[in-house]
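*Asks:* My questions will all concern the structure given below.
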Amino acid sequence: MNARPRTFRRIAVTGIALAALAVGVGAPAALASTGGSGGSGTSGTSGTSGGSDGSAVSAVQARQAAVRDPAALRALLASLPDGVSAGALARLSGEGLRTPWTGTGGPVAADAEVPIGSVTKLFTNTLVLRLVAEHRIEIDAPVRRHLPDLIPEAYADVTVRQLMDHTADLPMVAGDAADPRTIVLETFAADEATRPGRRPAPGTAQQYNGMNTFVAGLLVERISGRTYVEELQRRIVRPLGLRQTRMSTDPRMARYWAEGGLVSTAADLDRFMAALLGGRLLPPAQQRHLYEVPDVPNTKGNTCLSPRACFGAAGLMRHETAGTVVWGKTGSGPGWSTGVFATEQAGRRLVYAHNPKPGAAREDQIKRVVDFVDAGFAG
C-alpha cells in the first residue's frame, strides 16, 4: 500500500543540498580570463534614487534602493580568489533591477559554459510535469505501470511524484555504466544482492537520490517515444532560446545524463528559472507542484539542513535566507559548483558558479554556497 502522505508543507524550511556541493573533481578546470579585476560587474545595475523634491525617502524607497545595488554579492566576488574558491561568477536579475547584473571574481569569464551537474534534475522533472499536464501520465500513478521491465515488483507502489520529491525509497545508484538503463538495472540488482527481500517504504521519508532522476529520464523517453535530448530540445531548450545549454561531451559528466549531464551558462539558467517559476513552462495545475514539500522526515544523511524534508515535486529545494523564502537547486561538475535560486514566481533570481579549490574543507564548501545565496537575496 502506498504510504505517501497526502499533505504538503509550505512552511519555511532551511535546506541547502549537500550532495551537489561536493568539492570539484581534481584541479579546477582552465578558466577564461575576463581581463578585469575580481568582483567587477559586467552588466549595469539600476541606480539608487532619492526624492528630488527634498522630501525624506520612505522606508520602502530606501529598501528598494538597497535591493537595486547587489553590494553584498559584489563584495563576495571581490574577495576571490580565497582559500575556498579560485574564482566565481554570479548573475542577479528580476525584482529591483532594470537589467540583469553579472559579476565575476578571480579569472572567470562571465559567459563561461559550466557543467551544471544536479541542476539538470530541474530540467528533467519539468519534462515529467509537462507530460503530467498533457494527461499522458498521472503524478500519483505507479512508475512501474510504465516501466515494468525496469522497476522490480517490490517497488510497485512508487509513484511519479515520489521520484521527483525524493521519497521513492529507491536504492542509491550503484555502478558506473554509461547507459542509463544499465545503471538502473545494475543498481536494483546490486541492492537485491546486498539486501535480499528488502521491503521499500515509499512516501515515508526523504532521501536525495540520483537514481530517482535516472528513472524519471527513462520515463520521459518511454512516454514521449523520443530520446531525452530530443524532448529537452523541443520542450525547453529551443522554446526558451537556451543556445548554450546542451548535454556535456565530457564522459565524466555525460554518463550522468538526465540526472546531471548538462552544460549551461548563467544567462541560460536565469532564463530557464524565470520561465519555470514564472509559469511559462507549466500550467497552473502543475505549477503548484513546484512548491509542494512532503511532510516527512529526512533519512540519515539526506541533503537538507533541516530535520524535515526540503525538496518539492519539481526537485526544487526550499531555503530561507534573511526572512526570504527562495527555491533552487545546486549541482557540481569537474572544477565547478553551481546553483540557481529564485523567489516564488521568479521575482528575484540568482545564478552562481564557482571553482572550488582542491582540498578545501567540505564544511567551507557548503558555507560558500550559503554565502552566495545570502548575498544574492540580501536587502
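So that you can scan it fast, the table gives a plain yes or no per residue for (1) free of Cβ contacts under 8 Å to residues at least 40 places away in the same chain; (2) in contact with a Cys (Cβ under 9 Å, 6 or more places away or on another chain); (3) open to solvent by 50 Å² or more (accessible area, probe 1.4 Å); (4) within 21 Å of ALA168 (Cα to Cα):
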| residue | (1), (2), (3), (4) |
| --- | --- |
| PRO70 | no, no, no, no |
| LEU77 | yes, no, no, no |
| ALA86 | no, no, no, no |
| LEU92 | no, no, no, no |
| LEU97 | no, no, no, no |
| VAL108 | no, no, no, no |
| LEU131 | no, no, no, yes |
| VAL143 | no, no, no, yes |
| ASP149 | yes, no, yes, yes |
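*Asks:* Separate question: Return the total of residues in segment 306-319 being touching a strand residue (DSSP E or B) at 6+ places or on another chain (Cβ under 8 Å) and modelled with pLDDT of 90 or more. Please lay out each step first, then the result.
*Replies:* Residues of segment 306-319 touching a strand residue (DSSP E or B) at 6+ places or on another chain (Cβ under 8 Å): 306-312, 315-319.
Filter once more, so that each one left must be modelled with pLDDT of 90 or more: 309-312, 315-319.
Result for segment 306-319: 9.
*Asks:* Exactly one of these conditions fails for GLN345: (1) in contact with a His (Cβ under 8 Å, 6 or more places away or on another chain); (2) within 19 Å of LEU127 (Cα to Cα); (3) open to solvent by 10 Å² or more (accessible area, probe 1.4 Å); (4) of a type outside the set (Gly, Ala, Ser). Give me its number.
*Replies:* (1)
*Asks:* Residues to consider are THR182, THR213, THR187; find the one that is among the hydroxyl-bearing types (Ser, Thr, Tyr), more than 19 Å from GLY301 (Cβ to Cβ) and at pLDDT 95 or above.
*Replies:* None of the others qualify; the one that does is THR182.
*Asks:* Still on this structure, I have one more. Scan (1) at pLDDT below 95; (2) within 28 Å of GLN206 (Cα to Cα); (3) out of contact with any Leu (no Cβ under 9 Å at 6 or more places or on another chain) for the single condition THR303 breaks and write down its number.
*Replies:* Against the list (1) at pLDDT below 95; (2) within 28 Å of GLN206 (Cα to Cα); (3) out of contact with any Leu (no Cβ under 9 Å at 6 or more places or on another chain), THR303 comes up short only on (3).
*Asks:* Could we say that ASP157 is within 26 Å of GLY312 (Cβ to Cβ), over 22 Å from the mean Cα position of the chain (by Cα) and surrounded by 19 or more Cβ atoms within 10 Å (Cβ to Cβ) here?
*Replies:* Spelling it out, ASP157 is indeed within 26 Å of GLY312 (Cβ to Cβ), over 22 Å from the mean Cα position of the chain (by Cα) and surrounded by 19 or more Cβ atoms within 10 Å (Cβ to Cβ).
*Asks:* Identify the residue in segment 202-236 that is open to solvent by 10 Å² or more (accessible area, probe 1.4 Å) and aliphatic (A, V, I, L, M) and, among all such residues, is nearest to ALA141 (Cα to Cα).
*Replies:* If we take residues in segment 202-236 being open to solvent by 10 Å² or more (accessible area, probe 1.4 Å) and aliphatic (A, V, I, L, M), then ILE223 is nearest to ALA141 (Cα to Cα).
*Asks:* Give the residue that is farthest from ARG318 (Cα to Cα), with candidates limited to residues of segment 185-220 that are of a type in the set (A, V, I, L, M, F, W, C) and over 22 Å from the mean Cα position of the chain (by Cα).
*Replies:* In the first step, residues of segment 185-220 are kept if they are of a type in the set (A, V, I, L, M, F, W, C); the result is 185, 188-190, 193, 201, 205, 211, 214-216, 218-220.
Narrowing further to those that are over 22 Å from the mean Cα position of the chain (by Cα): 185, 188-190, 193, 201.
Details: LEU185: 31, PHE188: 30, ALA189: 33, ALA190: 32, ALA193: 36, ALA201: 24 Å.
Within segment 185-220, the match that is farthest from ARG318 (Cα to Cα) is ALA193.
*Asks:* So THR167 clears everything in (1) part of a helix (DSSP H, G or I); (2) closer than 23 Å to LEU290 by Cα except one condition, right? Which one?
*Replies:* Against the list (1) part of a helix (DSSP H, G or I); (2) closer than 23 Å to LEU290 by Cα, THR167 comes up short only on (1).
*Asks:* Can you name the residue in segment 213-248 that is free of Cβ contacts under 8 Å to residues at least 12 places away in the same chain and among the β-branched types (Val, Ile, Thr) and is also nearest to TRP336 (Cα to Cα) among such residues? It would help to see each step written out before you state the result.
*Replies:* Step one: list which residues in segment 213-248 are free of Cβ contacts under 8 Å to residues at least 12 places away in the same chain, which gives 221, 225-227, 230, 233-234, 237-239.
After this cut, where a residue has to be among the β-branched types (Val, Ile, Thr) as well, the list is 227, 237.
Numbers: THR227: 27, VAL237: 22 Å.
Filtering first and then ranking leaves VAL237.
*Asks:* For residues that are among the small types (Gly, Ala, Ser) and free of Cβ contacts under 8 Å to residues at least 24 places away in the same chain, scanning just segment 165-201, find the one that is most open to solvent (accessible area, probe 1.4 Å). Lay out the reasoning, then the answer.
*Replies:* Residues of segment 165-201 that are among the small types (Gly, Ala, Ser), as a first pass: 168, 174-175, 177-178, 189-190, 193, 197, 201.
Next, only the ones that are free of Cβ contacts under 8 Å to residues at least 24 places away in the same chain stay: 174-175, 189-190, 193, 197.
On the way: ALA174: 32, GLY175: 51, ALA189: 62, ALA190: 40, ALA193: 81, GLY197: 59 Å².
If we take residues in segment 165-201 being among the small types (Gly, Ala, Ser) and free of Cβ contacts under 8 Å to residues at least 24 places away in the same chain, then ALA193 is most open to solvent (accessible area, probe 1.4 Å).
*Asks:* List the residue pairs whose Cβ atoms are under 7 Å apart, where the first residue sits in segment 361-379 and is surrounded by fewer than 19 Cβ atoms within 10 Å (Cβ to Cβ), the second is polar (S, T, N, Q) and at pLDDT below 95, and the two are 6 or more positions apart or on different chains.
*Replies:* ASP374/THR321
*Asks:* Tell me which residues, restricted to segment 326-342, are in a loop (DSSP other than H, G, I, E, B) and buried (at least 24 other Cβ atoms within 10 Å of the Cβ). First the steps, then the outcome.
*Replies:* At the first step, the residues of segment 326-342 found to be in a loop (DSSP other than H, G, I, E, B) are 334-335.
None - no residue of segment 326-342 is in a loop (DSSP other than H, G, I, E, B) and buried (at least 24 other Cβ atoms within 10 Å of the Cβ), so the list stays empty.
*Asks:* Output the residues belonging to segment 286-296 that are open to solvent by less than 50 Å² (accessible area, probe 1.4 Å), not in a loop (DSSP other than H, G, I, E, B) and not β-branched (Val, Ile, Thr).
*Replies:* The answer is GLN286, GLN287, HIS289, LEU290, TYR291, PRO294.
The values are calculated or read from the model by the stated rules, or taken from the named source; none is laboratory data. The structure displayed is predicted, hence computed values, not measured ones. Neighbour counts run over all protein chains shown; Cβ positions are idealised from the backbone, glycine included. Ligands, DNA and RNA are excluded from the accessible area calculation, which covers all protein heavy atoms including side chains. Shrake-Rupley method; radii C 1.70, N 1.55, O 1.52, S 1.80 Å.
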